[in-house]
Structure formats: C-alpha cells, structure tokens
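Below is one structure, written out as structure tokens; the observations come after it.
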Amino acid sequence: MSRMNMIQAINSALDNMLERDPNVLIFGEDVGYFGGVFRCTAGLQEKYGVKRCFDTPIAEGGILGMAIGMGANGLRPVAEIQFADYIYPAFDQLVSEAARLRYRSAGEFWAPITVRSPCGGGIYGGQTHSQSPEGIFTHVSGLKTVMPSNPYDAKGLLISCIEDDDPVLFFEPKRIYNGPFDGYHDRALQPWTQHPMGEVPDDYYSIPLGKANIVRPGSDVTVICYGTMVHVCETAVKETGVDGEIIDLRTMLPLDLDCIVASVQKTGRCVIVHEATRTSGFGAELIAEIQEHCFYHLEAPPIRVTGWDTPYPHAFEWEYFPGPKRVGEALTRVMEDA
C-alpha cells in the first residue's frame, strides 16, 4: 500500500498489467521515452522495452486504427490520446470500427482496446485543451465510458478496462491528477497524500465497471456526478448544509441505474452535475432515466449544473467551470421547489 496521486495510480495499473499479461502494450504520442505529457507512463518503456511501450506519430486516427487491428489479433493495446480534445480525428475508428467489430463479424472478432485520455478544464487550457467529450461516446452502442474521481478508483477501474473484451474509453480529469479540486482556484490544492482515496495498493486489484459509488450518504437530495465534479459537489453540500447523497457514477456506460433509482426514490430530489456542455450532455440522459423510473417519487424537478453551450473559454475559465457556488444554488433551489 502506498500514497499515490492519480498519475502514480494510473502508472501503477499499467505497470501491473504489463507485468501480468504479455499481450498488453502501450502506445501514443510521447508515452514512451518521455513518459507522457503528464508522466502517467514514466519509466514503463525503460522497464518493458520499446516493443511494449512506444511513441507514435501525431495521428490519432492511425493510433486507434492500429489499436483495433492489434485487438482483433489477440493483443490488449492501451492507446493514449494526449488530450481528449484531439480524440475527434479518431472518432470514425472508434465509432464505425471498434464499437461495431464484434457485431459485424458475428462474434468472430472483437476489439479489447483501452483508450486513455486526459479531459476537462481548470488548468487554463482554453478551448483546445479543456473539453469533456464523454457524453458523445455514451451515445455509441459497443463502447464503454469510464471516468474516475480519485487514485484508488483510477487504478482499479483502469485494470478492469484493460481486461475487458470490449473497447473502453478511460477519461482522466487532469485537474485532479495531483489532488482533489474543490472548485476554488484561489485556494491551495490539497494533495492526494492527505486524502483517504490516495491510499492505493501496489499490487493488482480491480473495480468492476458499471458499479457507482455513494461517496456521501444523505436524505435530502441525490447529487449525481463524476470526475472532478465529485469533489466540487462535496464542497457545495458542505457549504449549503443540505443533506445530499453524492453518487460518483465512475462509469457512464455501463450505468449503475439501480443505485441512482434507489437513491432518488429515497430523497425525492435530484441535482446532476457535469463539466461538459449542457445541451445533449450526459446529464440529459440521466434526467430521462430518472423521469422514467422515479417520476412518482419526485418532490421537485431535477436540476442540471453544467458547463455552458460555448467553446471552453480561456479568459472566463471560472465562469464556465461549474463551481461550488453554482452547485450550491441548485441544491438550495431544488429544496425550495415543491
């Protein structure tokens, strides 16, 4: 057991799987010799060699096309897209090829690939280094979508992704690589070494996909979130004094609908929080599910707190970012509605 930040936990998961399974290999832009732009793959090329951890050209479509071919031939590739904003050139490979390979071949081939990609804002990355595209891929049957909120989950979930026989997108919120972010950019960052979820086993373990985590039990309102927003919601609940039950989805697909339904039926109220843009974001799907399964239990309409329907602005980073003030206002409003 060691104290780890998310970068170290991801590195530990990759190290464990490279050692455990000779069919696992890692590649992407700068992941080899340089160890990745955020150092998530540091030391792995030196330990396992250039055939199992190597650099690629700046060609996301080629990276994913190569990964699909490797997966179809028995390997378990872990491909990194350096920033989630640049996953779009590989969109056709993911949607038209990886997601449909098992179906179109009648089960003869499949694509056991994991695509790692840092996502989200809060680091002054502007419009091309701050996007959260996870909701786009939840629309695609055949893909699984995962986003951890802490080092312990990051390692266990990533191992499950690599072992899964279907293609999985593993989004890493870069704002919380080094510590849980409460949404206040003008405060000192708490390191993961001071957080209980920074205690991570060195050895192999896994967390099943499709199983949400109740971060904080409560009775007033259900707060559904994932990634960085888990910590923002914890702050908002504390500041407002609302007894919120905070659910960290961990995986969007497969979705732990049973956990959501049980919580909303108990509290009768719901606030959904994500950093991605509002229109057609994953929060809309969550509200649809809640309306279908919990309508007669609702005491107030569900509320979404999200990014705005604009490119991620550089100058107005914190007006875009769903901080604890906006989440707190939603919590207060949903408690007032009848």
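The values are calculated or read from the model by the stated rules, or taken from the named source; none is laboratory data. No experiment lies behind these values; they were computed from the predicted model shown. FYI the Cβ positions are ideal-geometry reconstructions off the backbone, even for glycines, and counts take in every protein chain you see. Accessible surface areas use protein heavy atoms only, side chains included; no ligands, DNA or RNA. Shrake-Rupley method; radii C 1.70, N 1.55, O 1.52, S 1.80 Å.
So here's what we get for this one:
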{"read-out": "Cα Rg over Rh - the stretch 270-338, Kirkwood", "value": "1.02"}
{"read-out": "Prolate/oblate/rounded label for the stretch 81-150 (Cα gyration tensor, a/c 1.5)", "value": "prolate"}
{"read-out": "Potential lengthening between Gln190 and Glu46 on full extension [0.36 nm per residue; Cα-Cα distance subtracted]", "value": "48.7 nm"}
{"read-out": "Share antiparallel - DSSP beta bridges, the chain, percent rounded to 5", "value": "20"}
{"read-out": "Whole-Hz couplings from phi, Karplus 6.51/-1.76/1.60, listed for the stretch 177-189; x for Gly and Pro", "value": "3, 9, x, x, 9, 8, x, 9, 6, 9, 10, 5, 7"}
{"read-out": "Largest to smallest accessible area among Asp21, Asp165 [probe 1.4 Å]", "value": "Asp165, Asp21"}
{"read-out": "DSSP-assigned coil residues among chymotrypsin sites (Phe, Trp or Tyr not before Pro) in the stretch 158-189, each with at most 16 further Cβ atoms within 10 Å", "value": "Tyr184"}
{"read-out": "Burial order of peptide ranges 26-35, 113-122 (average beta-carbon count within 10 Å, highest first)", "value": "113-122, 26-35"}
{"read-out": "Chymotrypsin sites (Phe, Trp or Tyr not before Pro) restricted to the stretch 53-111 and DSSP loop, no more than 14 other C-beta within 10 Å", "value": "Phe109"}
{"read-out": "Folded to 0 to 90 degrees: helix 229-240 orientation relative to the chain principal axis, Cα", "value": "20"}
{"read-out": "On Cα atoms only, tilt of 282-294 relative to the major axis of the chain in degrees", "value": "60"}
{"read-out": "Ranked packing of 3-9, 157-163, most packed first, by mean Cβ within 10 Å", "value": "157-163, 3-9"}
{"read-out": "222 nm mean residue ellipticity, helices alone, for the chain (DSSP H n ≥ 4; -39,500 (n - 2.57); rounded to 500)", "value": "-9000 deg cm²/dmol"}
{"read-out": "Partner aspartates and glutamates for Lys155 [C-alpha distance under 14 Å; skip if fewer than 8 residues away on the same chain]", "value": "Asp15, Glu163, Glu172, Glu199, Asp202, Asp203"}
{"read-out": "Anchor Lys266: lysines whose Cα lies under 25 Å away (excluding residues fewer than 8 positions away in-chain)", "value": "Lys211, Lys238"}
{"read-out": "Anisotropy class of the stretch 28-99 from Cα gyration tensor, a/c 1.5 cut", "value": "oblate"}
{"read-out": "Cα gyration tensor shape of the stretch 213-310, rounded if a/c is under 1.5, else prolate or oblate by comparing a/b with b/c", "value": "rounded"}
{"read-out": "Most fluctuating residue given options Asp309, Asp243, Asp186, as computed from a GNM of the chain linking Cα atoms under 10 Å", "value": "Asp186"}
{"read-out": "Karplus-derived HN-Hα couplings along the stretch 301-316 (A = 6.51, B = -1.76, C = 1.60, θ = phi - 60°), whole Hz, x at Gly and Pro", "value": "x, x, 10, 9, 10, 9, x, 8, 7, 9, x, 5, x, 7, 5, 10"}
{"read-out": "Calculated diffusion of the stretch 82-228, Stokes-Einstein form, Kirkwood radius summed over Cα pairs, 20 °C and 1.002 mPa s, µm²/s", "value": "128"}
{"read-out": "Within the stretch 184-338, percent of DSSP bridges classed antiparallel, to nearest 5", "value": "20"}
{"read-out": "Whole-angstrom Cα spans of the chain along principal axes, big to small", "value": "60, 47, 39"}
{"read-out": "Rg(Cα) / (2.2 N^0.38 Å) computed for the stretch 196-236, rounded to two decimals", "value": "1.43"}
{"read-out": "Helix 324-336 axis, angle to the chain major axis (alpha carbon atoms, nearest 10°)", "value": "50"}
{"read-out": "³J(HN,Hα) computed for each position of the stretch 110-126 - Karplus, 6.51 cos²θ - 1.76 cosθ + 1.60, integer Hz, glycine/proline x", "value": "8, 10, x, 10, 10, 10, 8, 7, x, 9, x, x, x, 10, 6, x, x"}
{"read-out": "For the chain: relative contact order, % (alpha-carbon pairs under 8 angstrom, 6 or more apart)", "value": "17"}
{"read-out": "The stretch 277-332 - percent of accessible surface contributed by carbon and sulfur, probe 1.4 Å", "value": "57"}
